[in-house]
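The values are calculated or read from the model by the stated rules, or taken from the named source; none is laboratory data. Since the structure is predicted, the reported quantities are computational estimates derived from the model, not experimental observations. Because the Cβ atoms are built from the backbone with ideal geometry, glycine has one as well, and the counts that use them run over all protein chains shown.
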């Protein structure tokens, strides 16, 4: 172990400039920024490490990078691991809440800050470092390694399913290491083996052709009120979705998945401290616990609201239009298009047929079988790196979303996460970071996993 | 009449450049723009017309312009009319919905477009033109005329009450012609003798110190949901305010005020056509008619909403803060500070003590006695200019707001409106305008009124 750590630390230090330049690329997919330069940069990093690459772009969208590293002569050529990563990042706004420049990697108190560092550029880099370390050993790479690195994950991966379906033979493998992963607020290493799905909507209301002097509010309705009442009708203030049929198609979790979740404890206090929460958890009045809600139950979230006058001071106006962004995290069994239909029907039935509903992106949820040998090898290798079973948690479903369903459906493989994230990593928020210590440990875990998977 | 018209037309034409330069001054009080240059410009216009001026600025806020024109030798020096005007205007946003430059006066199809033209720069100018016309006649000015021209009306006139109270002797008069006025959607000339009051609020909610990845929405509430539910609890979708006690202090209108309102008909179809309304009037499910609602009942309006991500595309975030602007139009008996208390109590009682409520401006409503001779002289002179009783409407209360309460309280005088506005004038909205024809008729009405008031 000590020898591996020294070698890994040397590799990390040797490639710091390369990594920082990767972070400086502002590859925001929703704004279509720096996509092709980032693809070229990823290709170079892989080839420098010793892999073959192929750029897939024949199905539209941002290019998908395929990479391949062949097992060494002493390795097991029958075994193949697929790493899934993405080179795109979230927008950096609100910019004025960043304490360092969003796209300039900056180390403060052992943490490296940059947009996209934890989600998910560091995770690509540590996997390449693990491969480089193994290629430098006498034994060489213990198994074949493939990568699928896409550029639209932060935009809902609209084209990934088509690429995986068409190139299913190219990506054939025995299991997939997911793009994210890392430690929870209790400093336990969490292995996620499922994700929630997503139905993300724009809502629009229009009440007039022009903004109107608010004195006419005595008789004229306005878009802001219409939207407010429509939204309030969708979910109550205790987090229960009021849309008829919303919960109907949920597929119950397996008994081992339930057991795994019931062994976990989500610390309300720690999460409140990390984010500075002003309210208690909204699971208090529901039939499920916080742990169950995060793993097994869908959400409905207002991500944005806009109407009328929003500057300082007063303007007395009936706003002619109002809009909201609504994000539903779905669970296995729920279909984004059906959820769209149910919300549409709810709005119509409740007198809100004037509220336009547009599905911007939809993704189905996925859960791996946590008893699969691939998943268990990820767990066992993590226990060796992170200090035993008490420090490793096997999670049947992450509360977040990703295109895992396509991997399960077209490749038929289990999925498990491993990454260098930490509980205060602030993915999607200002001051995103990874801890340098986690960066080293994450690399070591990938080394250990590849060594053990050879014989799993 | 014909001779007066010719003379008035000449005066209007002669001073067009002066008027247009007045319109070009972007005197937006909520943004503190061009205030002192506009005061100097107004002073010059009055002195050029032959009046004395005095700038009052010892009580803070934007300066108040006092003006005085003495009755001629054949006039009645015992009679004094006070004109109330304001030189400030509303902000011009949303700028991209203007079809002409907001601060460049532009005539299209007999209408003069400019921010502030109908609210209320044209009304000051036509009053000065009427005085100039009368000063040019052999009889001279029939009575004394005073002006009170303030610069904070669009910001809720926060200092006007103090100026009127301190300078009550200076502004002593027999009645006040209000700043606005003009024709309704039926082309009737409307004389307003009261205004609604105002309580304008900012609402703020904060749910965390940072924006959070929306996957945590399974357990963490967010500011946008809190605000949405708080707002929805304040007023139902049928326009009934749900705040306990909100309607309790309303002073019932007098029988002559009620009678006057019941003689009017507000055309839903015409108002819908003018503004391109997408919904029917929201008085359908209330106990009062549209006419009564506009005159006698208070409103609660969302003027603005802002939270989280509001750009194109998707961002999956729990917004850490949300804000709304809420505007209540009040009626006689209602006190803005008491309304603030009632809303605060409502929020607390309904579990929204986390919602911050800030009263940005408050004004009480006012109604004149419509049987007062001053009001009746405005009506009779209007009937001569505008074509008889069928074309003139005496309105006990305008649906809008103004600082009329201070005039009634400190000067003890009745108030009535006369102006050159029209139903499609779009005060406070893009493409604000006056019609050139109304501009001439409005000047003639002021001439006729001053002549008749001499002996009223």
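Going by what's in this entry, would residue A:354 be described as within 12 Å of chain B (Cβ to nearest Cβ) and surrounded by fewer than 20 Cβ atoms within 10 Å (Cβ to Cβ)?
yes
Taking the options B:377, B:443, B:397, name whichever one is within 14 Å of another protein chain (Cβ to nearest Cβ) and either surrounded by fewer than 18 Cβ atoms within 10 Å (Cβ to Cβ) or in contact (Cβ under 8 Å) with a residue 24 or more places away in the chain (or both).
Exactly one of B:377, B:443, B:397 is within 14 Å of another protein chain (Cβ to nearest Cβ) and either surrounded by fewer than 18 Cβ atoms within 10 Å (Cβ to Cβ) or in contact (Cβ under 8 Å) with a residue 24 or more places away in the chain (or both), namely B:397.
Identify, by number, the condition in (1) at pLDDT 95 or above; (2) farther than 30 Å from residue A:101 by Cα that residue A:443 doesn't meet.
(2)
Would you check which residues across the stretch B:295-313 are at the interface with chain A (Cβ under 7 Å from one of its Cβ atoms) and farther than 26 Å from residue B:93 by Cα and list them?
Answer for the stretch B:295-313, where residues must be at the interface with chain A (Cβ under 7 Å from one of its Cβ atoms) and farther than 26 Å from residue B:93 by Cα: just B:297.
Given the conditions (1) part of a loop (DSSP other than H, G, I, E, B); (2) modelled with pLDDT under 95, report the number of the one that residue B:9 does not fulfil.
(1)
Any chance the stretch A:201-209 includes a residue that's more than 9 Å from chain B (Cβ to nearest Cβ) and within 30 Å of residue A:413 (Cβ to Cβ)?
There is no residue in the stretch A:201-209 that is more than 9 Å from chain B (Cβ to nearest Cβ) and within 30 Å of residue A:413 (Cβ to Cβ).
Out of curiosity, is residue A:11 in contact with a helix residue (DSSP H, G or I) (Cβ under 6 Å, 6 or more places away or on another chain) and under 21 Å from residue A:147 (Cα atoms)?
Judged against the criteria, residue A:11 is a match.
Out of all the residues in the stretch B:240-256, which are over 18 Å from residue B:334 (Cα atoms) and either under 22 Å from the mean Cα position of the chain (by Cα) or in contact (Cβ under 8 Å) with a residue 60 or more places away in the chain (or both)?
Matches in the stretch B:240-256: B:256 only.
Table: residues versus (1) modelled with pLDDT of 95 or more; (2) touching a helix residue (DSSP H, G or I) at 6+ places or on another chain (Cβ under 9 Å); (3) more than 30 Å from residue B:70 (Cβ to Cβ).
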{"position": "B:165", "(1), (2), (3)": "yes, yes, no"}
{"position": "B:168", "(1), (2), (3)": "yes, yes, no"}
{"position": "B:174", "(1), (2), (3)": "yes, yes, no"}
{"position": "B:177", "(1), (2), (3)": "yes, yes, no"}
{"position": "B:182", "(1), (2), (3)": "yes, yes, no"}
{"position": "B:185", "(1), (2), (3)": "no, yes, yes"}
{"position": "B:200", "(1), (2), (3)": "yes, yes, yes"}
{"position": "B:204", "(1), (2), (3)": "yes, yes, yes"}
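So is residue A:342 under 27 Å from residue A:397 (Cβ atoms) and either surrounded by fewer than 22 Cβ atoms within 10 Å (Cβ to Cβ) or more than 9 Å from every other protein chain (Cβ to nearest Cβ) (or both) or not?
Taking the combined requirement at face value, the residue satisfies it.
What single numbered condition from (1) closer than 30 Å to residue B:424 by Cα; (2) in contact with a helix residue (DSSP H, G or I) (Cβ under 8 Å, 6 or more places away or on another chain); (3) more than 8 Å from chain B (Cβ to nearest Cβ) fails to hold for residue A:223?
The number of the failed condition is (2).
Of all residues in the stretch B:262-284, how many are in contact with a helix residue (DSSP H, G or I) (Cβ under 8 Å, 6 or more places away or on another chain), more than 9 Å from chain A (Cβ to nearest Cβ) and touching a residue at least 60 places away in the same chain (Cβ under 8 Å)?
Number satisfying all stated conditions: 2.
Name the one entry in B:182, B:175 that is within 27 Å of the chain's Cα centre (by Cα) and over 16 Å from residue B:366 (Cα atoms).
B:182
Would you confirm, using the coordinates I've provided, whether residue B:387 is without any contact (Cβ under 8 Å) to a residue 60 or more places away in the chain and away from every other protein chain (no Cβ under 14 Å)?
In short, yes.
Before we move on, is residue A:285 assigned by TED's automatic domain parsing to the domain that holds residue A:221 and not in a strand (DSSP E or B)?
No, not satisfied.
Just checking, which of A:134, A:216 is crowded, with 20+ Cβ neighbours inside 10 Å, touching a residue at least 12 places away in the same chain (Cβ under 8 Å) and in the same structural domain as residue A:410 (by TED's automatic domain parsing)?
Going through A:134, A:216 in turn, the sole match is A:134.
Mind telling me which of the residues A:249, A:238, A:287 ends up being at pLDDT 95 or above, surrounded by fewer than 19 Cβ atoms within 10 Å (Cβ to Cβ) and either out of contact with any strand residue (DSSP E or B) (no Cβ under 8 Å at 6 or more places or on another chain) or within 7 Å of chain B (Cβ to nearest Cβ) (or both)?
Only one candidate passes the filter, namely A:249.
Can you name the number of the only condition in (1) surrounded by fewer than 21 Cβ atoms within 10 Å (Cβ to Cβ); (2) within 25 Å of the chain's Cα centre (by Cα) that residue A:310 fails?
Of everything listed in (1) surrounded by fewer than 21 Cβ atoms within 10 Å (Cβ to Cβ); (2) within 25 Å of the chain's Cα centre (by Cα), residue A:310 misses just condition (2).
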